[in-house]
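Contents: one structure, followed by commentary.
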Amino acid sequence: MALKRKLGILADAAKYDASCASSGTERRDSRGGGLGSTEGMGICHAYAPDGRCISLLKVLLTNACVFDCAYCINRASSNVRRARFTVEELVALTLDFYRRNMIEGLFLSSGIIRSPDYTMEQIVRVARLLREEHGFRGYIHLKTIPDADPVLLEEAGRWADRLSINIELPRDESLRALAPEKDAPGIRRAMAAMRLRIDAAREARRAERRAPAPRFAPAGQSTQMIVGADGADDAQVLGTSTLLYAGYGLRRVYYSAYSPIPDASRLLPPAPPPLVREHRLYQADWLLRFYGFELAEILAGGQGGMLELGIDPKLAWALKHRERFPVDLDRAPREALLRVPGLGKKTVDRLLSARRHAAIRAADLARLRLPLRTILPFVVTSDHRPRGGVLDRADLRARVAPDTGFTAAPRQLALF
Amino acid sequence: MEGIGILLPGPAGFPAWRAEARRLLAAEIPPEQVEWRIAGEGFGLFGTAPPPAAGGEAAPRVPRRFVALAEVAIRHRDPSRFALLYRLLWRLAQGEPALLEVPTDPDVLRLEAMAKSVGRDAHKLHAFLRFRPVALPGGGEHHIAWFEPEHHILEAEAGFFVRRFAGLRWSILTPAASAHWDGESLRMGPGATRRDAPPEDAGDALWRSYYAAVFNPARLKPAAMRAEMPMRYWRNLPEAQEIPRLMAEAPRRVAEMVARGATPPAPRRQRVAVQPAPASDVAAAMDSDDPRTALAALARELAGRNDLPPWSAAATQMVFGEGSPGAPLLFVGEQPGDEEDIAGRPFVGPAGRLFNRALDEAGIPRDRSYVTNAVKHFKFTPTGRRRLHQSPDAGDIAYYRPFLQREIALVGPQLVVSLGATALRALTGRPLAINKTRGEVIRTEAGLPLLPTVHPSYLLRLPDPAAKEREYARFVADLRAAHREVA
């Protein structure tokens, strides 16, 4: 099969994995030899019309797979065309794209062939060749297979910047039903084993700066959860990610709206992906990690374990907790400012800096290009106070809700 | 009033601007009197007065952040950038030293916006520049790229490509300037045209097919794409030619997938996964004479139960006891903590480390003792990035008790040591106070000698160092007493 055809099949097979991050790893470059660099910040070399960043060459080594996961296009019982890269082909392709400055590196995953160990061995070989034979200094993200030999995992962590294992579904019982060969507790144990190694390597780096530390995935681990393939509600989805963040120190949990695949299983007939829900989950995830919200608070903004789709979770929370507003921008502590709808972390820091020198005025908010319609009813400044009773109005939601772009029917083609 | 004309040698040279600005500031020339120009661009009608003479160039003290922002903002293409920077410098030096901390000031806003725009342009250069290799007559390749930056960033950003492609020979061509790396040194050259760069080649075709394949037609979001990859970059990106087709075909592709519905399983299915080996015969193993085998079987039995407390599903794994059967001393703690849950072993976290130290001081070899917990799963509440320990309740203790009793029976110690209240309760079946029973040997419910003491995590929680010291000594003394009992 021609390389171009193979690339088409194996990139198509990998695209349902949302992660394409190339950030957060150690700094290195090629001035001492080799090829490539990583400077901390990730770089997106292109964007596809689905709005997703293309940072890495994201492919499968092969899309042949003995597992039969209903949500996956590569499952054993699918009719999809199968292909397989040789290790050398993939190494050459990565290097060629990299020299052309098309990618930051490689994100390699694979269908399970023969056995978990055999498959993991092939994945590790690609990374080893890139690093050892070609001095590749770019970014490498490897998907690890939970059941593979710990020795292979150890080696994967030596070559890779990031490792990941997908949790796949928010509930253990969904995984049992839809991915019979996968084992949720086994996945968590594998994540725990990775955390142990990542922590140990980080600890060693910190402790002795002079001796080379045992390298292990300096950009940490991440995972992906498919949303909308099982009956889990947002409470279960976010509950699972909370457990993963707290337990295994994950850098990111990616939410991937279950997307129709060309060759769908009878267990999961195709339907349009719940993109708005995915977006709200990301917002909630952010509030949990960086804005000091508790899971119960975020869920209280919605109903019956589901987030509001029409407005963002912070605004939804504020509308249900109007007694906490208005917040005085000149006096309120940072935590209170972070809870004002429309104020992000960076803006809050700028306001804190500005108010040390002069009182905040409504015009300042306009100069910072903030969404005034959303913010003003919730804040007090030296020259602004929400009009009496505005916070009690039944139509407050309609007055403050920003145009999300989700409410109107998409008319994307007209923009051309 | 006559303006003063300052001529700068290039469009983005910070040192030259700084030298002039210092001179102007020393001569106390206010910003509105200065007109800035770049060599070759000529002056306007007003500014022809000569600049102040050299000398008196004492460097003014300005926040480091101003220098950092100015060095970037000076690359902006806006002709007013030099004047803005001098105005800010003037204000900083003339009584507004904290100016930069007022992000709502119009000059500060403009400075930050300029620096941000330059930073973004630099980022897009790193991202959207594409090299094409050209074979050199004497062997090897020359990588050539054509790019149209928005600001004067090439010289400042060439270092990025040096660090990344130090071993390659490359040239970056832009309308205003070019940069050339021969593997050893960087040379800046004049501007070029698109025709000076190589045309699309087979590598681009391969990249275009990759780009088309990773696009998911069910997630069409062109506004998000354009926000990050504005159309002005498209003409130099080979893959952008795929965009109209991909977008036009997307609705039909999705409609077809949905209309087709599920497809029947493939007639020639991929080879079936290897079935997991059948679980060994639990009953047979329990009856085993070898206590190690029996303990392992007990652990498997507990892990496999379907009536475990519901919270235990959040734990990573069951953490069973560890040590040699026949050990004279058996220690029972409360439950595994965060680190024990991750490692799957008891007493490896902070409390475990303190416990090891105390054992060591009491002369007890841990590898000849047996350590376990009353409750075998980690009970916690997740908060942010941590898992907060939650004490097991009476129901939890009761659930695990039969397993603890069987575990102890299989190990067969001479003395059991309970660490903390939970263990004491699990072993006696009663909520006893440690302080009332501490240091004396009582009996477990099963009639084994039992010596109660505190849990090492209690010592970690004591805020007062003196109390900590004292309690630790008492703990070690209890362990010594236990050691004497079995000596």
Practice prompt. Would you please list the contacts, defined by Cβ atoms under 7 Å and residues six or more apart or on different chains, that run from a residue in the stretch B:70-83 that is closer than 12 Å to B:A156 by Cα to a residue that is open to solvent by 40 Å² or more (accessible area, probe 1.4 Å) and in a helix (DSSP H, G or I)?
Written response: B:R75/B:A156
Item to complete: Give the stretch A:310-347 a look and list any residue that's outside any helix (DSSP H, G or I), surrounded by fewer than 19 Cβ atoms within 10 Å (Cβ to Cβ) and acidic (D, E), or say none.
Response: A:D328, A:D330
Worksheet entry | Whichever residue in the stretch A:268-301 is open to solvent by less than 40 Å² (accessible area, probe 1.4 Å), outside any helix (DSSP H, G or I) and touching a helix residue (DSSP H, G or I) at 6+ places or on another chain (Cβ under 6 Å) and, among such residues, is modelled with the lowest pLDDT | A:P270
Practice prompt. Among the residues of the stretch A:22-50, write down those that are buried (at least 20 other Cβ atoms within 10 Å of the Cβ) and at positive phi.
Written response: A:G36
Worksheet item: Here are some residues: A:D183, A:D234, A:D230. Which one is touching a residue at least 12 places away in the same chain (Cβ under 8 Å), open to solvent by 10 Å² or more (accessible area, probe 1.4 Å), more than 13 Å from chain B (Cβ to nearest Cβ) and not β-branched (V, I, T)?
Response: A:D230
Worksheet entry | Test result for A:P262, assigned to a loop (DSSP other than H, G, I, E, B), of a type outside the set (K, R) and either assigned by TED's automatic domain parsing to the domain that holds A:M191 or within 27 Å of A:A300 (Cβ to Cβ) (or both) | no
Practice prompt. Tell me, yes or no, whether the stretch A:99-112 has at least one residue that is open to solvent by 10 Å² or more (accessible area, probe 1.4 Å), facing another protein chain (nearest Cβ under 9 Å) and over 24 Å from B:R163 (Cβ atoms).
Written response: yes
Practice prompt. Go over the candidates A:N101, A:N74 one by one and state the one that is at pLDDT below 95, of a type in the set (S, T, N, Q) and in a loop (DSSP other than H, G, I, E, B).
Written response: A:N74
Worksheet entry | Unique residue being in contact with a helix residue (DSSP H, G or I) (Cβ under 8 Å, 6 or more places away or on another chain), at pLDDT 95 or above and of a type outside the set (S, T, Y) when the list is A:G157, A:G135 | A:G157
Item to complete: Could you list all residues from the stretch A:9-56 that are within 30 Å of A:R81 (Cα to Cα), of a type in the set (D, E, K, R) and assigned to a loop (DSSP other than H, G, I, E, B)?
Response: A:K15, A:D17, A:D50, A:R52
Response to the item:
Checked B:R245, B:R226, B:R235, B:R208 against criteria (more than 9 Å from chain A (Cβ to nearest Cβ) and either in a loop (DSSP other than H, G, I, E, B) or farther than 15 Å from B:R130 by Cα (or both)); the one match is B:R245
Worksheet item: Right, A:L153: in a helix (DSSP H, G or I), within 14 Å of chain B (Cβ to nearest Cβ), touching a residue at least 40 places away in the same chain (Cβ under 8 Å) and of a type outside the set (G, A, S) or not?
Response: no
Worksheet item: Residue check, B:A115 against (1) under 30 Å from A:R100 (Cα atoms); (2) surrounded by fewer than 19 Cβ atoms within 10 Å (Cβ to Cβ); (3) away from every other protein chain (no Cβ under 12 Å); (4) not aromatic (F, W, Y), all met but one. Which one?
Response: (2)
Discussion item. Quick check on this structure: which one of A:R369, A:R373, A:R387, A:R350 is in a loop (DSSP other than H, G, I, E, B), open to solvent by 40 Å² or more (accessible area, probe 1.4 Å) and modelled with pLDDT of 90 or more?
Written reply: A:R369
Worksheet item: From the residues in the stretch B:118-153 that are within 24 Å of A:R28 (Cβ to Cβ) and of a type in the set (A, V, I, L, M, F, W, C), which one is farthest from the other protein chains (Cβ to nearest Cβ)?
Response: B:I153
Worksheet entry | Evaluation of B:V162 against (1) among the β-branched types (V, I, T); (2) in a loop (DSSP other than H, G, I, E, B); (3) under 29 Å from A:T38 (Cα atoms) (one fails), failing number | (2)
Practice prompt. Answer yes or no as to whether A:I261 is within 11 Å of chain B (Cβ to nearest Cβ) and closer than 30 Å to A:S22 by Cβ.
Written response: yes
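The values are calculated or read from the model by the stated rules, or taken from the named source; none is laboratory data. Predicted model, so just to flag it, every value in this text is computed and none were measured. With ideal geometry, Cβ positions are generated from the backbone for all residues, glycine too; neighbour counts draw on all protein chains shown. With ligands, DNA and RNA removed, areas are computed over all heavy atoms of the protein, side chains included. Shrake-Rupley method; radii C 1.70, N 1.55, O 1.52, S 1.80 Å.
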